[in-house]
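See structure below.
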Amino acid sequence: MENVVHEQGADWGRSQNGLPDPSALIGFAVAGNPLDVAAYSGVPFALVDAFAQLGLPVRPLRAELPDPLQRLALNVMAVSLTRPTDVRPQASPIERLVLAVRGNKPRVHAGPWMSALRSGTVAARLLPHRDLRLCVQFGSEYHLPARVRYVTYDDATIAQLSRAYPYPWMRSVPANELDGMIARQRRIFTNAERCCLSNHWAAASAMTDYGVPPERIVVTGEGANPVAPAPERDWSTPRFLFVGKEWERKNGAGLLRAFARVFEQHPDAQLDVVGDHPRLDAPGVVEHGFLAADDPAAQARLADLFLRATCLTVPSLLEPGGCVFAQALQAGLPSIAGAAGGASTIVGDAGLLIDGTDDRALFGAMLQMCDERSLASFACAARARAHLFTWRAVAERVLRALAPANFDFGAFALSL
C-alpha cells in the first residue's frame, strides 16, 4: 500500500531555522487516557511519546469524562437498559444492580449514548485550544468536531471484526446497534484526511467495506521500542514464548496441545507463558502470569524472556494488531503467528503464519522452529525488519498522513 502525501497541507511544521515550530500543535484523541502506558496495549502512549521524540508538540485529548464521572455515566446507562427478565426474581437490589452493570456495560461502552457523551466531552476539551488544527483520532467510539482535520488510527474495522471472531462484547450488542457502530466508523473514515491502518488486512476492509479510496489509506504498522542487541543465543534448545492477555482468542489451549507433541520429540524444549492464562500444569511449561505494562520490574522480566526465547509463538484465532510481534523483531526473534488478521504485516518473512484452528499446522511450524538453521535464518530476517517497526517509524508514517506542508521529512521511515 503506497503512502500518499497531500501536496498541500496545514500551515505548520518547522520554523525557518529547521527547529520544531512551537506554534505547531497536533492533538491525539482516544476514548481513554492517552498517557496510560497500559491502555489499548500501550499504543496511544507509545505514539504520543514517539511524536515527542520527533520534536512535535502533541496535546493528548481524552474523549471521556474524568474517571469517577465516566464510571457513573456508564453504570447509569447500563442499569437503564436492564429488563426485569434479565435478573433472577429473588435477587436483592444490590445483586440486580451488579448484574445489570455487568451484563450491559459492553453494549453501553460501544453504543450510541456513550459515543455522544464522548463526542461532547472531546469537543468541550478542544474549546480552549483554537490553535489545534490537526488531530489523530484513535478508535471510532466518538466524533471530533467538524472544524478539526484529522487522520484515523485503527488496527481493524468493526465491519470485519463482526465477521472474523465472536467477541463476547459483540454478542451483547443488538444487530441494529452494531450496524450503527459500523455506520459511525464509516462516517469517521469518510471524513478523515487519511485513514491510518496498522496492517494490510484492515486496509483492505476500509476499501471494500467502507469505500475508502486506496490513495487515502496509509498502512503504518505497529511498533516496539528498540532494545540493546541480544547476546548470542543458543538456538540448539527450543524455548517458545507466548505473550497474550486473551487466552481463548490467542489460542492458548491449541498451543498447549501442540507443545505437548513437540515435547515428546524434544524433551529439553520449554514453553514460557505470559498473560492472563489459567493454571497450567504440563511438562516443559513455565507460568509467568500477567506482567503489567506499568510495572518496571515486570517489564524487565518480559524483556529477559524475549532475549532468552528462540521463537515467539502466539497462534491467535484472530490477531487484529500485533505489537508483540514488533517486540519480537526488536529482539531478533522469529515468530509463529495466526494467519487470521493483520499479523502478517509485521511478521513478514521473519516467521511462519498458520491457521490457528489447525493443530497439525501449528505442530509442524513449532517443529520447524526447533531446527537451528531455520531459526537462524528467520532471526536474520527479524533483525532486517526491525527498523521498520519501531514506534518512531510508525509515528513518522502517521505524520506523513497528516501531511504538514512545511515539515522537513528528511530520512523518515519508508512506506510499508
Members of segment 249-261 found to be surrounded by fewer than 22 Cβ atoms within 10 Å (Cβ to Cβ) and either farther than 24 Å from Met170 by Cβ or not assigned by TED's automatic domain parsing to the domain that holds Ile336 (or both), listed by number: Leu256, Arg257, Ala260, Arg261
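Which one is nearest to Tyr40 (Cα to Cα), of the residues in segment 146-158 that are surrounded by 15 or more Cβ atoms within 10 Å (Cβ to Cβ) and more than 17 Å from the chain's Cα centre (by Cα)?
Across segment 146-158, the extreme among qualifying residues is Tyr150.
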Qualifying position, being surrounded by fewer than 19 Cβ atoms within 10 Å (Cβ to Cβ) and either assigned to a loop (DSSP other than H, G, I, E, B) or of a type in the set (Gly, Ala, Ser) (or both), among Glu232, Glu222, Glu177: Glu232
Pick from segment 235-248, criterion crowded, with 23+ Cβ neighbours inside 10 Å and among the hydrophobic types (A, V, I, L, M, F, W, C), ranking: farthest from Thr190 (Cα to Cα): Phe240
Any hit, segment 203-219, residues being part of a helix (DSSP H, G or I), touching a residue at least 60 places away in the same chain (Cβ under 8 Å) and acidic (Asp, Glu): yes
Residue match in segment 362-372 (condition: assigned to a loop (DSSP other than H, G, I, E, B), among the polar types (S, T, N, Q), at pLDDT 95 or above and out of contact with any His (no Cβ under 6 Å at 6 or more places or on another chain)): no
The listed residue being over 19 Å from the mean Cα position of the chain (by Cα), farther than 12 Å from Leu61 by Cα and not basic (Lys, Arg), out of Gly139, Gly180: Gly180
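Gly254 - would you say it is over 21 Å from Leu197 (Cβ atoms) and touching a residue at least 24 places away in the same chain (Cβ under 8 Å)?
Numbers: over 21 Å from Leu197 (Cβ atoms): yes; touching a residue at least 24 places away in the same chain (Cβ under 8 Å): yes.
In short, yes.
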Hits in segment 171-188 (condition: touching a residue at least 24 places away in the same chain (Cβ under 8 Å) and of a type in the set (A, V, I, L, M, F, W, C)): Val173, Met181, Ile182, Ile188
Residue in segment 77-95 that is touching an Asp or Glu at 6+ places or on another chain (Cβ under 9 Å), under 22 Å from Ile182 (Cα atoms) and either surrounded by 13 or more Cβ atoms within 10 Å (Cβ to Cβ) or at pLDDT below 80 (or both) present: no
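The values are calculated or read from the model by the stated rules, or taken from the named source; none is laboratory data. Because the structure is a prediction, the values reported are computed rather than measured. Every residue, glycine among them, receives a Cβ derived from its backbone with ideal geometry; neighbour counts consider all protein chains shown.
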